[in-house]
Amino acid sequence: MPWAAKTIVRQLTKPVAKSSMERPQARVAHLDNRWWRMSQYDSAVVTNADGTAASWYQRDPRKLRALLAEGARLNAEILKDWHKLSQTYRKALPEITSMEAWKATFEKHSEESK
């Protein structure tokens, strides 16, 4: 827990090194692309699963703060409306899970893939 808290604070507050914005700090294989590893870098090139391409991941504290704020707002909205949402879902459950609904879903997506 202390490591995670320290990492989150670092990700939110520490400015990104200028050198990391110009060139990646590391090259990371697809298999090693895990949050606990990537949280150590300001930027890194990560290969895709088959090794034919790569993406340059760059830490952006401003974007992280914006996404955390949006996530907190959306979670608060869900919690605020939880009772109403759960009732609506329960009422719709027989229709959502009906064989007809599943059939319509599969038929729609089968036609789109042709």
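The values are calculated or read from the model by the stated rules, or taken from the named source; none is laboratory data. This structure is a prediction, so every number in the text was calculated from the model and none was measured. Reconstructed Cβ throughout: ideal geometry from the backbone, glycine too, with neighbour counts over all protein chains shown.
Counting only residues that are surrounded by 13 or more Cβ atoms within 10 Å (Cβ to Cβ), over 20 Å from Ala54 (Cβ atoms) and of a type in the set (S, T, N, Q), the stretch 1-41 holds 2 of them. Among the residues of the stretch 49-66, some residue qualifies, meaning at least one is acidic (Asp, Glu), outside any helix (DSSP H, G or I), more than 15 Å from the chain's Cα centre (by Cα) and at pLDDT below 95. Among the residues of the stretch 48-66, the one identified as surrounded by 13 or more Cβ atoms within 10 Å (Cβ to Cβ), over 15 Å from Thr7 (Cα atoms) and among the aliphatic types (A, V, I, L, M) is Ala54. Note on the stretch 44-81: residues that are within 19 Å of Val9 (Cβ to Cβ) and among the aliphatic types (A, V, I, L, M) total 6.
Here Tyr41 fulfils each of the conditions (1) outside the structural domain of Lys6 (by TED's automatic domain parsing); (2) within 13 Å of Val16 (Cβ to Cβ) apart from (1).
Matching residues to (1) of a type in the set (Val, Ile, Thr); (2) in contact with a His (Cβ under 9 Å, 6 or more places away or on another chain); (3) surrounded by 12 or more Cβ atoms within 10 Å (Cβ to Cβ); (4) not in a loop (DSSP other than H, G, I, E, B):
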| position | (1), (2), (3), (4) |
| --- | --- |
| Val46 | yes, yes, yes, yes |
| Leu68 | no, no, yes, yes |
| Gly71 | no, no, no, yes |
| Ala76 | no, no, no, yes |
| Gln87 | no, no, no, yes |
| Leu93 | no, no, no, yes |
| Glu100 | no, no, no, yes |
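For the stretch 13-47, filtering for residues that are closer than 17 Å to Arg62 by Cβ and aromatic (Phe, Trp, Tyr) leaves 0.
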